[in-house]
1. Any chance you could check the Cα centroid distance between the stretch C:156-170 and the stretch A:42-111 for me, in angstrom?
2. Could you run the Debye sum over the Cα atoms of the stretch B:110-165, one equal point scatterer each and no solvent, and tell me log10 of I(q)/I(0) at q = 0.25, 0.28, 0.31 Å⁻¹, two decimals?
3. If you rank B:SER41, D:SER11 by how much accessible surface each has, with a 1.4 Å probe, what is the order from largest down?
4. Would you compute the Debye intensity of chain A from its alpha-carbon atoms alone, equal scatterers and no solvent, and pass along log10 I(q)/I(0) at q = 0.12, 0.14, 0.15 Å⁻¹ to two decimals?
5. Work out the length of the dipole vector of the protein assembly as shown about its Cα centre, built from +1 on the beta-carbon of each Lys and Arg and -1 on the beta-carbon of each Asp and Glu, and round it to the nearest 20 debye.
6. Enter the mean projected area of the convex hull around the alpha-carbon atoms of the stretch D:18-59, in nm², rounded to one decimal.
7. Which lysines have a Cα lying under 26 Å from the Cα of A:LYS75, excluding residues fewer than 8 positions away in the same chain?
8. Hey, for B:GLU120 with labels 7 Å out along Cα-Cβ, what do the inter-copy distances come to in nm, ordered shortest first?
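The values are calculated or read from the model by the stated rules, or taken from the named source; none is laboratory data. Quantities reported herein were computed from a predicted structural model and do not represent experimental measurements. For neighbour counting, all protein chains shown are included, and Cβ atoms are generated from backbone atoms with ideal geometry for every residue, glycine included. These area figures cover heavy atoms from the full protein model, side chains too; ligands, DNA and RNA do not enter into them. Shrake-Rupley method; radii C 1.70, N 1.55, O 1.52, S 1.80 Å.
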4 protein chains.
Amino acid sequence: MSEAADAARKSIGARRNPESAEAILGAAEAVLSEAGYSGFSIEAVARRARAGKPTIYRWWPSKAALLLDVYQRQKRVDTPDTENLEEDLVGFLKNLFSHWRETSSGSVFKSLIAEAQSDETAAAALADYARGRRAQTGQMVERAKARGEVAADVDAELVADLVASFAWTHLLTNRLDEDEATIRTAVRYVVRGIALA
Amino acid sequence: MSEAADAARKSIGARRNPESAEAILGAAEAVLSEAGYSGFSIEAVARRARAGKPTIYRWWPSKAALLLDVYQRQKRVDTPDTENLEEDLVGFLKNLFSHWRETSSGSVFKSLIAEAQSDETAAAALADYARGRRAQTGQMVERAKARGEVAADVDAELVADLVASFAWTHLLTNRLDEDEATIRTAVRYVVRGIALA
Amino acid sequence: MSEAADAARKSIGARRNPESAEAILGAAEAVLSEAGYSGFSIEAVARRARAGKPTIYRWWPSKAALLLDVYQRQKRVDTPDTENLEEDLVGFLKNLFSHWRETSSGSVFKSLIAEAQSDETAAAALADYARGRRAQTGQMVERAKARGEVAADVDAELVADLVASFAWTHLLTNRLDEDEATIRTAVRYVVRGIALA
Amino acid sequence: MSEAADAARKSIGARRNPESAEAILGAAEAVLSEAGYSGFSIEAVARRARAGKPTIYRWWPSKAALLLDVYQRQKRVDTPDTENLEEDLVGFLKNLFSHWRETSSGSVFKSLIAEAQSDETAAAALADYARGRRAQTGQMVERAKARGEVAADVDAELVADLVASFAWTHLLTNRLDEDEATIRTAVRYVVRGIALA
DNA sequence: AGTTAACCGAGACGGTACGTCAAGTCTTCGC
DNA sequence: GCGAAGACTTGACGTACCGTCTCGGTTAACT
């Protein structure tokens, strides 16, 4: 897609060159999807983007920061609203799995998790991100509470945590091809467990 | 514990020297728990074990293989049997969390997961291992089925998957200090969801 | 002499650091004269010069290239001009022998010859160098021709070859302590052989 | 030629197994002529000879000793006797050059010289060998003295040194293809220089 | 005749060096 | 005055040999 420009980019004076930033993020994504996490290095990204390493380091202090930006630049999976919690959660997981499978997002996110195991700041950023996602996912449960599908004292974020954990683990162990029936069964176990009366 | 012997180890003939193997695994564990995954290099392990790098590469073709051996050398968490599924699962998770927290196992396993994201063989080994653990954990559910606590058509491994995913994710995001109440609540959501009638 | 600077050298921007080059050549010379050819390794030079191996490899593709540079950095022996061929050649050999004996040049040149036996590029470089030296040495003979000391059809380079061969062989077999009388006798055999009438 | 036997050699009791010695020397020669000095390692020889490394080290304390044995096992170039010094020396050099060119002797001898630059014992052995060869070559000059071709006070070994140096240098700089005319010219310069009256 | 001793192949051992790759820092030059 | 770019030091990578060691087995020579 947004490959490196043919001609060498020059400085545009004393301010950030948005072409460079774009080229770097694009190159990072491309490198990641072509060579995987093991081939993902600042050097490789710089080569691919026809940029100097310091240019990358100036704007992204670590590999983790770059990964995070790449991940966040990609379209988000949104949470469905079908007026039924089971359908919402199954839909969400199906969308998430296929999004991870079919775009480079899966690779990017896996890499981010891996990176977080050796980089403190990546760990913090990932924790923040995950917290936010749990809150967002939890809203599906909150809506179900409001509809009376689910007991009022249910910890929505904890439910979101269960669901997200299931997704993460499948991503990390290359099981994104799980069929819908299995996903639905897993979701149902949880939804029944929190259902009202 | 089993640090490198004071005197230099020599060859014991044309066969593997178990002292060296032991020293290397011990050194790997020590390096990992002291310097973390980011400081874990074959060089560092060799230095620590007073072993030559080729000796390590002879027996462990990759960092992943070494990590796997280190993890498997450590004592396992076993699955309780309290005649009650909720207690079994809560006990299992509590044991697992404290084992991961209090020994170096947590670091080792996190590192293994991270490594699996860049190493194909590590990924396969990890997948195998996880499959085995799901089966083992699933037996708690099977026993509950036999006792009539749980519906007969429940997919025991899927339940184990949910539980293990919860554990993995907490490990990977440094949330092993989750209190018992939260763990119990999460377990209860699932156990209720599969309870008979 | 020009040892590595006390403080660590830093980059001086996107161009070759002459201090590093100097430190590396100096270190190479020092290592060679202290540990000999057998102790001469890129690693040792890098350690001594407080330089990174990649810095050495960036500028000298092989051990041979480094050796050649070290040799050429050293002061040259020049060819005397005494209006008498025998004196010229004896003087040249005496100077050369004492130069090889008293500086590290001898070691360096021996190493270069040794290296050329296992390195193609070193062999080529050495051949080039030797050809150049023969031409230069041959000028002493050409001058003698012009003076009428020597027959006009004498192959000056071949004479230079004989003289240089004598020197090389003495260097390679540690016979640089040959006394002047012997050198003079050897030279005289050749000079008489090409004398006019 | 005498390649390794098909079946594994066994010990023949508490004494040196000549089959092994033969196989090792043969393998050394083969490795040298196929891979050159740079590929010549004790490991490679052991592999090729299907021998254990200690068997080699037991009988040859260094690479140099092995090289020397290999060289001495090969047929020698002998000194012609044509009743004419120029013809003798030209014949000798022609034979030597073609022997070095057409058998592996050239490689072997070059390697030996190279090895002598980093190995003290090889240097000593080579010096001894060279001294012996000078004496032998000098006999051609002695015979010429006896015939009255050459002045009585000529230093025969020094003449031999000049001739041998010429040969060594051509070997070391890959100039063994020198044509006969050039060889003859060089020889003539020296022979004339020592001729009687 | 039984024991001993040295040889044999094999291959693991702790090391050193190889040549390469990437990390993160630094400085100069161009816009 | 900032951005771009490449050189810098550092350190790890995985491999090849080094020379030493111990093994299990074999055979000849010495009790």
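1. 71 Å
2. Debye curve over Cα of the stretch B:110-165, log10 I(q)/I(0) at q = 0.25, 0.28, 0.31 Å⁻¹: -0.90, -1.02, -1.13.
3. Values: B:SER41 40, D:SER11 95 Å².
The residues order as D:SER11, B:SER41, largest area first.
4. -0.67, -0.83, -0.91
5. Working: 104 positive and 116 negative charges, 92 e Å.
Dipole size: approximately 440 debye.
6. Details: hull surface 9.9 nm².
Over every viewing direction, the Cα hull of the stretch D:18-59 projects on average to 2.5 nm².
7. A:LYS63, A:LYS94, A:LYS110
8. 3.2, 3.7, 5.2
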